[in-house]
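Values quoted throughout were computed directly from the atomic coordinates according to the rules given, and no laboratory measurement underlies them. Note that the structure is a prediction, hence the values are computed from the model and not measured. Here Cβ is always computed from backbone atoms with ideal geometry, including for glycine, and neighbour counts include all displayed protein chains.
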Amino acid sequence: MPELPEVETVMRGLEPFLTGAIITKAQKNRPNLRIPFPATIEHDLKGRTITHLRRRAKYILIHLKGGDILVIHLGMSGSVSIIEKGQRYNSQTHDHFVLHLKSGVRVVYNDPRRFGMIFMMAEQDYASHKYFVHLGPEPLGNDFSAPILCARLKGKQASIKQALLDQRVVVGVGNIYACEALYRAGISPMKKAGSIKGEKAELLVQAIRDVLKRAIKAGGSTLKDYKHADGSLGYFQHQFTVYGREKEACQRCDCDINKTGGIKRVVQSGRSTFYCPRKQN
DNA sequence: CTCCTGTCCTGCCGGC
DNA sequence: TGCCGGCAGGACAGGA
């Protein structure tokens, strides 16, 4: 589920509880998610102090005093909940990992499909780590621009939709926001990635930034302190403009939906794409 | 290299 | 009511 805005919102929700916290106990409730938990993770986290959190792509990086990083990826169905001091913890199916903090707070990772990942690495290995070394630019950072995007798309025969899902091109964009950004930019998802240039590229960069920023803002304003009543962090009901709206009227079209059929759904490399054939070409 | 397919896993929804 | 197929927002490995 989670793309950049959701991961960012989860991270912001964790920050006030985790920054400066001391881990008294780390508890894995099964041997693996998509990859095995490190065999010694419980031992390695015990007693550690968290200095700060940050996000890279769709990964949450929890920096520990002493130079290690605890990495969390939410996969498709991962979520994190905060159990505050004194609150009863009603454990749920698929609660796979729990951090107990000296403050009395517990941080619970739940993931039904187990496509998520939790692992550790030394800070010095971050840049060369196999999950991070190939990542493209952060879409909301300074090193994401039309020229940079064009350079990464150059010569690509795959569709622009597929290219936007490729984390080597730009990070954080998943199936939903790829659809939303292409709609906003007026670009057909089927267009060859390598053909996106000039003004089109400028529009696309701006559209990606806009949809992501707006979603983060919506998360922040919808969730009080990023937290639901049940302690879960980060996700909220979000209205998308094209995603999941097959056969609905396109907001930018004033044509007759009975004639046009409205928003279309197609499948590109196994993933649903939603778009308006009249406003995207 | 690039591109495509298969794969991990559970939950949910619609159709019969 | 229950069963079954299809689908789900990620991202890897492996093969063409």
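General observations
- Net dipole in debye of region A:47-103 [+1 Lys, Arg Cβ; -1 Asp, Glu Cβ; about Cα centre; nearest 20]: 220
- Taking every alpha-carbon pair within chain A, the share separated by more than 29 Å comes to 38 percent.
- 10 Å Cβ shell holding at most 16 others, DSSP loop, GluC sites (Glu not before Pro): longest site-free stretch of chain A: A:85-245
- Simple label model, 7 Å out from Cα along Cβ direction - residue A:29 to residue A:42, nm: 1.4
- You can think of it this way: the chain between residue A:151 and residue A:85 has 18.8 nm of extra reach, that is 0.36 nm per residue less the Cα-Cα gap.
- Taking every alpha-carbon pair within region A:4-125, the share separated by more than 19 Å comes to 42 percent.
- The count of lysine pairs in region A:108-222 that are at least 8 places apart or cross chains, and whose C-alpha atoms lie under 18 Å apart, stands at 14.
- Residue A:246-residue A:213 pseudo-label distance in nm [points 7 Å out on the Cα-to-Cβ vector]: 3.3
- Spin-label pair residue A:229/residue A:206, simplified geometry with 7 Å Cα→Cβ offset, distance in nm: 4.2
- Value of Rg to Rh for region A:77-224, rounded to two decimals, is 1.07; Kirkwood radius and Rg both from alpha-carbon coordinates.
- Packing-based ranking, highest mean first, of A:30-38, A:227-235, A:74-82 given that Cβ atoms within 10 Å are counted: A:74-82, A:227-235, A:30-38
- Per-selection metrics, region A:146-275 (Cα): Rg and Dmax in Å: 16.0, 49
- log10 of Debye I(q)/I(0), alpha-carbon scatterers only, for region A:1-71 at 0.24, 0.27 Å⁻¹: -1.19, -1.25
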